[in-house]
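> Provided herewith is a single structure, encoded as structure tokens, for subsequent inquiry.
The values are calculated or read from the model by the stated rules, or taken from the named source; none is laboratory data. Keep in mind the model is a prediction, meaning the values are calculated, not measured. No Cβ is skipped: glycine too gets one built from the backbone with ideal geometry, and neighbour counts run over all protein chains shown. In case anyone asks, the SASA skips ligands and DNA or RNA and just uses the protein heavy atoms, side chains included. Shrake-Rupley method; radii C 1.70, N 1.55, O 1.52, S 1.80 Å.
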Amino acid sequence: VQLQASGGGLVQAGGSLRLSCAASGSIFRINVMGWYRQAPGKQRELVAAITDGGSTVYGDSVKGRFTISRDNAANTLYLQMNSLKPEDTAVYYCYLGVRGSTYWGQGTQVTVSS
């Protein structure tokens, strides 16, 4: 399984970005996909996750601002990020959890300027 994340960049506070994560390889239908992020000097934290059935969970710091979604037919995960804040600056990693294994994408940098 391979995951390719894209969509990061530099944006001003209050702006929006949309991250994408394309999965390829032997992907079983029953799985969970999501995003973690890691800022310099901080631990990796959960941003959001979504099951193949559409159930979602969000980190407290992004609730109401970020929306996770997925296209099961295309094996692609999305993260719509609105009202971005400087504290959202981090490397964002997508992941896929399936049959007891976890696969990670390479990370995409999101930088929010004040």
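> Which numbered condition trips up K63, out of (1) in contact (Cβ under 8 Å) with a residue 40 or more places away in the chain; (2) assigned to a loop (DSSP other than H, G, I, E, B); (3) surrounded by fewer than 19 Cβ atoms within 10 Å (Cβ to Cβ)?
The number of the failed condition is (1).
> Then there's this: Would you mind stating whether G34 is surrounded by 12 or more Cβ atoms within 10 Å (Cβ to Cβ), farther than 17 Å from V62 by Cα and within 16 Å of the chain's Cα centre (by Cα)? Before the answer, list the steps.
Working: surrounded by 12 or more Cβ atoms within 10 Å (Cβ to Cβ): yes; farther than 17 Å from V62 by Cα: no; within 16 Å of the chain's Cα centre (by Cα): yes.
No, not satisfied.
> Provide a single number: the residues in segment 69-90 that are part of a strand (DSSP E or B), open to solvent by 30 Å² or more (accessible area, probe 1.4 Å) and touching a residue at least 60 places away in the same chain (Cβ under 8 Å). Let's see the steps before the verdict.
Step one: filter segment 69-90 for residues part of a strand (DSSP E or B), giving 69-71, 76-81, 90.
Still in the list and also open to solvent by 30 Å² or more (accessible area, probe 1.4 Å): 69-71, 78, 80.
Cutting the leftovers down to touching a residue at least 60 places away in the same chain (Cβ under 8 Å) gives us 78, 80.
Counting residues in segment 69-90 that are part of a strand (DSSP E or B), open to solvent by 30 Å² or more (accessible area, probe 1.4 Å) and touching a residue at least 60 places away in the same chain (Cβ under 8 Å) gives 2.
> Right, something else. Looking only at segment 1-17, count how many residues are surrounded by 14 or more Cβ atoms within 10 Å (Cβ to Cβ) and in a strand (DSSP E or B).
Going through segment 1-17 one residue at a time, the tally reaches 6.
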